[in-house]
1. So what's the angle, to the nearest 10 degrees on a 0 to 90 scale, between helix 257-268 and the longest Cα principal axis of the chain?
2. Exactly which GluC sites (Glu not before Pro) in the stretch 126-219 are in a DSSP loop and have at most 13 other Cβ atoms within 10 Å?
3. What is the ratio of the Cα radius of gyration of the stretch 157-218 to 2.2 N^0.38 Å, with N the residue count, to two decimals?
4. Mind checking which aspartates and glutamates have their C-alpha under 18 Å from Lys9, skipping anything on the same chain fewer than 8 residues away?
5. Heavy-atom accessible area of Thr175 with all protein chains present, probe 1.4 Å, nearest 10 Å²?
6. With a cut-off of 8 Å between alpha carbons and a minimum separation of six or more residues, what is the relative contact order of the stretch 202-344 in percent?
7. Which loop-located trypsin sites (Lys or Arg not before Pro) does the stretch 272-316 contain, where loop means any DSSP state but H, G, I, E or B and the Cβ has at most 13 other Cβ atoms within 10 Å?
8. Within the stretch 10-341, what whole-number % of the accessible surface is contributed by carbon and sulfur, with the 1.4 Å probe and all protein chains included in the calculation?
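The values are calculated or read from the model by the stated rules, or taken from the named source; none is laboratory data. These figures come from a predicted structure and were not determined experimentally. Backbone-built Cβ (ideal geometry, glycine too); neighbour counts: all protein chains shown. The accessibility values were calculated without ligands, DNA or RNA, using every heavy atom of the protein model including side chains. Shrake-Rupley method; radii C 1.70, N 1.55, O 1.52, S 1.80 Å.
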Amino acid sequence: MSDAAFLPKAVLVTGGAGFIGSNFVRFVLKDVPDVRVVNLDCLTYAGNLENLADVADDPRYAFAKVDICDTDKVIEVCREYHVDSVVHFAAESHVDRSITGPGEFIRTNVHGTLSVLQAARACGDLRFLQVGTDEVYGSLGETGYFTEETQLDPHSPYSASKTAADHLVSAFYHTYGLSTLITRCSNNYGPYQFPEKMVPLMINNARQDKALPVYGDGLNVRDWLYVEDHCRALWAVLLRGRVGRVYNIGGNSEKTNIEVVKAILKHVDKPESLITFVKDRPGHDQRYAIDATRIRTELGWEPSVDFETGMSKTIDWYMANQAWMDRVTSGAYQTYYEEMYAGR
Ligand code: NAD
Ligand code: TYD
């Protein structure tokens with residue numbers, strides 16, 4: 001069974017202005033009383049403070065514009081807010097960008113994770129949750145599932161950098177006794193995802209009657225999880241996970257890419273003729289599928305939103321927030337920080 005529950009009072013969320021991080025910050029502020037949340041993010045192209053506009057004035061929330069590679073600054077923020085735990089999301093996260101520019105992935109995902117681990121140690125052994133990905137396990141054929149014991153076999157520069165980060169986290173547990181936890185989650189979808197990722201990109205193109213670019217034959221399989229379910233899983237692991245352990249998180253919802261794209265088109269009532277098959281991604285993993293038995297049996301977590309419900313909520317959100325999408329795709333969102341924080 002898990003250790004006795006840890007009760008965080010002040011959580012440092014790295015990468016809280018990104019897709020999952022912003023959903024996590026909102027989830028904690030809305031669902032958990034008496035916890036402070038400090039969002040530490042340097043606002044790369046993927047960081048957008050507008051994602052948190054509705055909670056920015058919550059007295060339990062604070063934002064620090066800091067690069068995770070700057071260990072001294074991370075330590076300063078942890079001390080200023082008396083942080084007792086870290087949920088480490090900050091990363092370069094897009095596989096296609098890692099293929100064209102792997103160096104930034106090593107800097108952020110490897111050096112950056114090392115830096116946050118060092119800060120966690122320097123601040124008196126903060127509980128450290130590494131938000132990892134199932135992509136570290138490599139690719140499956142038509143059958144089988146990734147368990148926490150599956151050998152790590154990353155295929156893209158992105159997944160290689162996340163694998164290195166997981167190994168560093170594990171090394172800090174074994175070498176220094178840092179209270180670490182690692183999660184490995186399948187593909188997330190939901191509000192506030194940057195529209196370079198498949199789901200929001202396809203919704204954005206469909207609404208504008210643009211071609212929907214499907215890589216290869218569209219038969220690659222991903223296991224889709226609604227982002228709020230991921231946030232709940234992370235909170236359960238942070239509080240009740242067994243220190244030193246890895247927890248897989250998955251949606252029990254395997255779909256081919258073409259199935260996802262067709263579901264989106266059907267929901268927005270656009271024709272399948274918009275689908276365009278394009279050149280495949282190099283090293284494109286064929287199938288990911290998660291065995292999430294451990295988190296279910298140890299922590300009682302299960303996905304609560306099925307694919308049809310989650311996808312329809314997601315599409316409705318993007319259609320209701322087209323101005324958000326327009327500001328992101330035009331680059332206008334990048335001035336939000338200056339406008340929002342000017343004079344504060
Ligand atoms: P994202 O790209 O939307 O957000 C990343 C955030 O990190 C941005 O706000 C960015 O500004 C920030 N950041 C990047 N470099 C930084 C640095 N040097 N210093 C401070 N902040 C920095 O990513 P996401 O999709 O929300 O993913 C978050 C985490 O979850 C990542 O670690 C990713 O590997 C993991 N993950 C994602 C998925 C998924 O489906 N998106 C699935 C499993 C795991
Ligand atoms: P993506 O959202 O980039 O997530 P990941 O590569 O981390 O799984 O891609 C999801 C799947 O969709 C993946 O198999 C690649 C495919 N894809 C397309 O077919 N077209 C696209 O334009 C994109 C961005 C992805």
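1. The answer is roughly 80 degrees.
2. Glu142, Glu149
3. My calculation over the Cα atoms of the stretch 157-218 gives 1.69.
4. Partners found: Asp31, Asp34, Asp58, Glu76, Glu80, Asp84, Asp125.
5. 100
6. 35
7. Hits after loop and neighbour filter: Lys279.
8. 49
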